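Trainee: After the structure tokens below, expect a handful of questions from me.
The values are calculated or read from the model by the stated rules, or taken from the named source; none is laboratory data. Keep in mind that this is a model prediction, so the values were computed, not measured. Cβ atoms come from the backbone with ideal geometry, glycine included; neighbour counts cover every protein chain shown.
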Amino acid sequence: MSRRAAIKRFPFYPDAARGALNTLPARSAGIPVARITGSVDKANQLTPTFLPKREKERSARFRSVRKAMQDGLELPPIQVYALGRDYYVIDGHHRVAAAIATGVHYLDAEIHECIVPERSYADRLANARMRFERRTGLARLACSQVEYYGRFLAEILAFRDDLRRQEPEVTTREAAQRWYRECFVPIAEPLDLGATAESFPGRTVSDLYLAVEDHRAYLEEATGAPVTMPAAVADLQKRHPRPLSARVLRPLHRHARRAVWRVTGGPAL
């Protein structure tokens, strides 16, 4: 979807969009600029790149913010509503425009998360993901099932409790970040860049990570011996060999995606 198509016009409270009932207390976090898709009350005044329509790049405010961003100066966080997977700007339109213009991929933000009525499974899934992100600070896990977020949270809390035996002061969010780097990414990246993801259409890489855990448990029960996660990945990939077409195309995709990840900090998995 183009950014022009993504910008939507909402009243000051975007509750009318999906009947959101309430917003949770604001929290501070870095958010992906790519997920800032609209404005709360200025969409009709903006270009698809969040510039003011009448002035565009000539806007003195935009030029000053862009220069500050290029010079590496610290800017105040923007304020946004979070509705599902999208963010809608309350304050900070020029900072968003400058980020797009200068290639900045993340902005500090004060996030007001909207709770939507769970009229559909998609609503339940959006609320589950929002609660998981709020608890752990992890915004890159994307599950297709509500209960999967509970499984990830339980794993992170167990990892945190293990860390606290040596580091009693470690927080849940700190533990979550370490779990993501040390446990999740080493398994998720081979899944995403290998053949396994192609064999399970419609499943996210986060889903596949849990599938590997289930497969590891199956192998341990079948063999009566401990099985590591990498060994479970290898066995799963052996059972689902790469299609012939992917043998040619996948290496090209792998190099391209890794280049993108180095710039953006990683994908939503």
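Trainee: Identify, from the list 10, 50, 62, the residue that is at pLDDT 85 or above and within 25 Å of the chain's Cα centre (by Cα).
Mentor: Numbers: 10 fails: at pLDDT 85 or above; 62 fails: within 25 Å of the chain's Cα centre (by Cα).
The match here is 50.
Trainee: Going through 92, 19 one at a time, which residue ends up being surrounded by fewer than 16 Cβ atoms within 10 Å (Cβ to Cβ) and either at pLDDT below 90 or under 27 Å from residue 173 (Cα atoms) (or both)?
Mentor: 19
Trainee: If you scan segment 140-167, which residues turn out to be hydroxyl-bearing (Ser, Thr, Tyr) and surrounded by 15 or more Cβ atoms within 10 Å (Cβ to Cβ)?
Mentor: Here is the first cut: in segment 140-167, the ones hydroxyl-bearing (Ser, Thr, Tyr) are 144, 148-149.
Within segment 140-167, 148, 149 qualify.
Trainee: What number of residues within segment 115-134 satisfy the criterion of being farther than 23 Å from residue 172 by Cα and crowded, with 16+ Cβ neighbours inside 10 Å?
Mentor: Number satisfying all stated conditions: 2.
Trainee: Moving on to the next point. Hey, can you tell me all the residues within segment 103-135 that are of a type outside the set (Lys, Arg) and in a helix (DSSP H, G or I)?
Mentor: The answer is 121, 122, 123, 125, 126, 127, 128, 130, 132, 133.
Trainee: Here is a further query. Which one is surrounded by the fewest Cβ atoms within 10 Å (Cβ to Cβ), of the residues in segment 170-187 that are aliphatic (A, V, I, L, M), at pLDDT 95 or above and over 16 Å from the mean Cα position of the chain (by Cα)?
Mentor: 170
Trainee: How many of the residues making up segment 136-154 are part of a helix (DSSP H, G or I), over 20 Å from residue 108 (Cβ atoms) and either of a type outside the set (A, V, I, L, M) or not assigned by TED's automatic domain parsing to the domain that holds residue 171 (or both)? It would help to see each step written out before you state the result.
Mentor: If we filter segment 136-154 for residues that are part of a helix (DSSP H, G or I), which is where we start, we get 136, 146-154.
Cutting the leftovers down to over 20 Å from residue 108 (Cβ atoms) gives us 146-154.
Still in the list and also either of a type outside the set (A, V, I, L, M) or not assigned by TED's automatic domain parsing to the domain that holds residue 171 (or both): 147-152.
Number satisfying all stated conditions: 6.
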